[in-house]
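Colleague: Before I ask anything, here is the structure I am working with.
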Amino acid sequence: MKQKISVSDLRVGMYVELPLSWTEHNFLRSKFKLTSPEQIAAIRAHGLREVTVDFARSDVPPPAPPEPLGELEYVSHSDAIVDPKDAPPPPLWNPDTLVPTELREAVHDKRLAPEQKAQAVYRHSRDMMLRMLDAPSAENIRASKEALGSVTDMILRDDQTARNLLRITAHDFYTYTHSVNVGIISLMLAKAMFKNSDGHDMQELGAGFFLHDLGKVKVDAAIINKPARLDETEMRRMRIHPYQGYKLLRDADALTEECRIIVMEHHELMDGGGYPKRIKGDQIHIYGRICCIADVFDALTAERSYKKAMTPFDALTLMRDKMPNHFDRQLFNRFVELFR
Amino acid sequence: MRRYLCDVCGYIYDERLGDPDGGIAPGTRMEDIPDDWVCPECGATKAAFILITDE
């Protein structure tokens, strides 16, 4: 008994059949039983609206059919095609529900071993980031920023958990995973650079690193989720995300101006070959230069449908040999030491 | 009439609408816009604009 189910109605226990070929998604199989909310989140993050569920192989019954609607409602809720980025954010998350309780608990837990603490903080940070990118309202952005500030504090204070975080970063396809990875990696470099100096608001800085790709919510989901390299036009459409992220943060009145610059400048390269402003060298804020190194490193070590993941060693070698003019040399040397 | 995307910020220049606040009348084609015109959203120059629809 198969039925098309809206992604918002998916539940753990349902046996789904993804309308994608095996190479287009990150699951082991195209047909499987949902065993965790993360899988549902991953399906949603893929931009799918409906999937087929085989209820003969599911642990849960089909959802009850919706109440019949009045005629007027039929009209107002017609199947008009709405560009996903024009649609209002789903009323899924609000500042009270956005930050997983487990994240707050894990950050402040003094008894957890560093490995477990890192696992919990990592997993629940990704959940939060996924929720925020799903519903990037000004108040949700501010709520996530507050929580990221406490994650930042923990990374600065607790060296052992921080080292474990660096080690366990996952390397999938999703913006929320990449956001958390780049947040952690950038912060480790910032910590190494700034540990003996005042004058850096590390909480703001950390949040800025985690939120560096916020503007991707303004780019067509078809481009973000494309399971292949982007062509020239798609690439240029992708290039608006630093500015759009900056603008979202400005409009949400989140982060200091200095830290919003991270979002704007994380794709600028030292030789001026980056974007969006094509600035070079010292014109790029040091926070932007830090985030750029972490961003490229995470992209190289992540798996994509069109390329294998590189090992950290290979990624660092490639960055040194093939991109000699892209990065701030002093920062890059310090970055390499993080992986010794 | 064509539409162009600013690849710095995502602003769309629609030839039909022009940019009246920037002194560009509705119906002005991209090639007729003065070179010192900048994107009203982010200040990028004309070089940042790419054609996205041609009707």
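Computed from the coordinates by the stated procedures, all read-outs in this text should not be read as laboratory data. Being a predicted model, the structure only gives us computed values, none of them experimental. Every residue, glycine among them, receives a Cβ derived from its backbone with ideal geometry; neighbour counts consider all protein chains shown.
Colleague: Can you compute the charge dipole magnitude of the protein assembly as shown about its Cα centre, using +1 on each Lys and Arg Cβ and -1 on each Asp and Glu Cβ, nothing else charged? Give it in debye, rounded to the nearest 20.
Modeller: Here the protein assembly as shown has a charge dipole of around 1580 debye.
Colleague: Each residue of the range A:132-145 in turn: what ³J(HN,Hα) in whole Hz from Karplus with 6.51, -1.76, 1.60 and θ = phi - 60°, glycine and Pro shown as x?
Modeller: 5, 5, 6, 9, x, 6, 4, 6, 5, 4, 5, 5, 5, 4
Colleague: Rounded to the nearest 500, what is chain A's calculated 222 nm mean residue ellipticity when only DSSP H runs of at least 4 contribute -39500 (n - 2.57) each, over all residues?
Modeller: -15500 deg cm²/dmol
Colleague: Spelling out what I want: for every residue of the range A:156-163, take phi, set θ = phi - 60°, compute 6.51 cos²θ - 1.76 cosθ + 1.60 (Karplus), and round to whole Hz; glycine and proline get x.
Modeller: Values per residue, Gly and Pro as x: 6, 7, 10, 4, 5, 5, 4, 4 Hz.
Colleague: Can you tell me, using C-alpha contacts under 8 Å and at least 6 residues apart, the relative contact order of chain A as a whole percent?
Modeller: Across chain A, relative contact order equals 14 percent.
Colleague: Between A:ASP153 and A:THR97, what length comes free when the chain is fully extended (0.36 nm per residue of separation minus the Cα-Cα distance, one decimal in nm)?
Modeller: So the extension gain works out to 18.0 nm.
Colleague: Under 25 °C and 0.890 mPa s, how fast does chain B diffuse according to Stokes-Einstein, given a Kirkwood radius computed over C-alpha pairs? Answer in µm²/s, whole number.
Modeller: Roughly 226 µm²/s, to the nearest whole number.
Colleague: Other chains' Cβ within 10 Å of B:4-13 residues: what's the mean?
Modeller: Per residue, the average neighbour count from other chains is 5.
Colleague: Let me ask another. With each label point set 7 Å from Cα along the Cα-Cβ vector, what nm distance links A:MET193 and A:ASP251?
Modeller: Computed distance between label sites A:MET193 and A:ASP251 equals 3.0 nm.
Colleague: Extension gain A:SER36-A:VAL60, at 0.36 nm per residue separation less the Cα-Cα distance, in nm?
Modeller: 7.3 nm
Colleague: Return the long-range amide H neighbours of A:GLU50 (sequence gap of 5 or more, or a different chain), with a cut-off of under 5 Å between placed amide H atoms.
Modeller: A:VAL7
Colleague: Shifting gears a bit: Using a 10 Å cut-off on Cβ to Cβ distances, tally the other chain neighbours for every residue of A:272-278 and report the average as a whole number.
Modeller: Mean shielding by partner chains, rounded to a whole number: 3.
Colleague: Tell me which lysines have Cα within less than 26 Å of A:LYS117's Cα, excluding those fewer than 8 residues away on the same chain?
Modeller: A:LYS145, A:LYS191, A:LYS195
Colleague: What number, in nm² with one decimal, is the all-direction average of the projected area of the convex hull of the alpha-carbon atoms of the protein assembly as shown?
Modeller: Averaging across all directions leaves 23.1 nm² for the Cα convex hull.
Colleague: On to the next question. How large is the dipole of chain B about the Cα centre if only Lys and Arg carry +1 and Asp and Glu carry -1, each at its Cβ, rounded to the nearest 20 debye?
Modeller: Once rounded to the nearest 20, the dipole reads 80 debye.
Colleague: Per residue of the range A:51-59, in order, report the coupling 6.51 cos²θ - 1.76 cosθ + 1.60 (Karplus, θ = phi - 60°) as ³J(HN,Hα) in whole Hz, putting x for Gly and Pro.
Modeller: Using θ = phi - 60°, the values come out as 9, 7, 10, 9, 6, 5, 10, 9, 8 Hz.
Colleague: Further question on the same structure: Excluding same-chain residues fewer than 8 positions from A:LYS322, which aspartates and glutamates have a Cα within less than 14 Å of its Cα?
Modeller: Hits, sequence-local ones excluded: A:ASP271, A:ASP314.
Colleague: For chain B, which trypsin sites (Lys or Arg not before Pro) are in a loop by DSSP, counting at most 16 other Cβ atoms within 10 Å?
Modeller: Passing sites in chain B are B:ARG16, B:ARG29.
Colleague: Using amide H atoms built 1.01 Å from N in the peptide plane, name the residues 5+ places from B:ASP19, or on other chains, whose amide H lies under 5 Å from its own.
Modeller: Under 5 Å from the amide H of B:ASP19: B:ILE24, B:ALA25.
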